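Asks: Before I ask anything, let me first share the structure, which is written out below as structure tokens.
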Amino acid sequence: MSDRPTVVFFPEGAYGPTNNCVGIGQVLRAGGARVVFVVEESFAGTLEGQGFEEALMRLKPPPEAEEVPGQFWKDFVRETAPEFRKPTIDQLEGFVLPVWRELVDGARHVDERLAEIFAEVRPDVIVEDNVVGFPAVLASGIPWVRIVSCNPLELKDPALPPTFSGYATDDRSGWEDFRTRYRELHEPLQREFSEFCVERGAPPLPDGEFIHESPFLNLYVFPPEADYERSQPLEARWQQLSSCVREPDSYAGWPGDPRPAIYLSLGSLGSADVALMQKLIDTLGETDYFVVVSMGPQHAELRLASNMTGEEFLPQPAILPQVDVVITHGGNNTVTESLHFGKPMVVLPLFWDQHDNARRMHELRLGRRLDTYGHEPAELIAAIESLLGDPLLAARLSGISRRLQAESGTARAADLIGKLVEA
């Protein structure tokens, strides 16, 4: 790259997509690029503290009380947690549709501010890691990159299970009912949002989609060893990143405990369910494992056992190499990072693509999927013991890890973005 190109990253207002973009941004910045993050005001200072510029915006009118990063979505998840106990087809109305409404409302609210930011910053490339489109990105006339950091079923294929369903790849019963129900619920909102995109100078949305495909470059993050076999190959402007792990912060909290180590993380959103977190903590507190707990935003309400350590936020890429098993909600970042470091998973999905990741890890025997709310403590312990005691799985994961670590996804993404700048 030359003449210090400017790359704008616009991740969704959650830690998963943001951290995904940070890893790529670190490589671009090291190569001489100016890297600017467009972030919600509640995230102000978070990216600046990592050496990046920030451009602040809001997805809704300001609240009366001071916000913390991503607080709206944490509150939203906590309030709608009863929906997570339902089958995925029933979550469509009670959770998935309300989420799409909030995302669409945010895109409407922020569009003028985004246009202002792009005019002020004058980026050479815009990199968007969101599940919903923002017309200002396309209307800017600036080359842009779409990143899909959710499960790749977001890229639909008739021979694959429907997105968000968590259905098996080898059993098509229920697929069409799920797709029909999704269309019935979401088509009116999707058409309305597509009309808004056109009003704001962007093309209409593809049928059934809430985001455009970039005509320049699209990236999706998922290891080939876990990916799906498609009946319709993706076009050349889609490129796969096997993993996308940022440079880890240091972690000095490891006591050197000799027992098998378990890492428990339900993500910044999933950990807002205090009752679920405490159930898992109490179960693991009865074991002889050493447990590291990512406690999340409700950390003050959680009681750790004597065999545990934990903090509100933990540098996950620094911890994963040191543990033996990961207990996760199935967020794409944690799943791909666990595979990157060769760690087996117990997956307890809550919402969105977590159900798809949980199913995929289970059917590939790279982890165990449990009923998040219905499992018995003995089931969780048995799942952990089966993963720890499987030498063939350990060998498989070690091979996957070696390959993923030999192929830097952040460097590959930065290179592809850099070529787009030079084009």
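Asks: Got a sec? Which of Ser250, Ser194 is outside the structural domain of Leu92 (by TED's automatic domain parsing) and not basic (Lys, Arg)?
Replies: Answer to the check: Ser250.
Asks: Here's something else I'd like to know. Which pairs have Cβ atoms under 9 Å, sit 6 or more apart or on different chains, and link a residue in region 247-263 that is at pLDDT 80 or above to one that is basic (Lys, Arg) and not in a strand (DSSP E or B)?
Replies: Tyr263/Lys343
Asks: Considering only region 115-122, I want to know if a residue exists there that is outside any helix (DSSP H, G or I) and under 25 Å from Ala236 (Cβ atoms).
Replies: The answer is no; no qualifying residue exists.
Asks: Take the residues of region 153-189 that are in a helix (DSSP H, G or I) and hydroxyl-bearing (Ser, Thr, Tyr): which is surrounded by the most Cβ atoms within 10 Å (Cβ to Cβ)?
Replies: Ranking the candidates gives Tyr182 first.
Asks: For region 317-334, which positions are without any contact (Cβ under 8 Å) to a residue 60 or more places away in the chain and not in a loop (DSSP other than H, G, I, E, B)?
Replies: Those that are without any contact (Cβ under 8 Å) to a residue 60 or more places away in the chain and not in a loop (DSSP other than H, G, I, E, B): Leu320, Pro321.
Asks: Moving to a separate point now. Please give the number of the condition Gly330 fails out of (1) over 17 Å from Pro260 (Cα atoms); (2) out of contact with any strand residue (DSSP E or B) (no Cβ under 6 Å at 6 or more places or on another chain); (3) not aromatic (Phe, Trp, Tyr).
Replies: (2)
Asks: Given the condition surrounded by fewer than 17 Cβ atoms within 10 Å (Cβ to Cβ), touching a Phe, Trp or Tyr at 6+ places or on another chain (Cβ under 9 Å) and not assigned by TED's automatic domain parsing to the domain that holds Gly94, answer yes or no: does some residue in region 337-352 qualify?
Replies: No, region 337-352 contains no residue that is surrounded by fewer than 17 Cβ atoms within 10 Å (Cβ to Cβ), touching a Phe, Trp or Tyr at 6+ places or on another chain (Cβ under 9 Å) and not assigned by TED's automatic domain parsing to the domain that holds Gly94.
Asks: Being within 14 Å of Gly133 (Cα to Cα), part of a loop (DSSP other than H, G, I, E, B) and modelled with pLDDT of 95 or more is the requirement here; does Glu192 meet it?
Replies: For Glu192, the condition - within 14 Å of Gly133 (Cα to Cα), part of a loop (DSSP other than H, G, I, E, B) and modelled with pLDDT of 95 or more - is not met.
Asks: (1) in a helix (DSSP H, G or I); (2) closer than 15 Å to Gly208 by Cα: which one isn't true of Glu93, the others all being true?
Replies: Looking at each condition in turn, Glu93 falls short on (2).
Asks: Still on this structure, I have one more. With the structure loaded, tell me whether Ile417 is assigned by TED's automatic domain parsing to the domain that holds Glu93 and either in a helix (DSSP H, G or I) or in contact (Cβ under 8 Å) with a residue 12 or more places away in the chain (or both) or whether it fails that test.
Replies: Yes, satisfied.
The values are calculated or read from the model by the stated rules, or taken from the named source; none is laboratory data. Since we're looking at a predicted model, the values are computed, not measured. Reconstructed Cβ throughout: ideal geometry from the backbone, glycine too, with neighbour counts over all protein chains shown.
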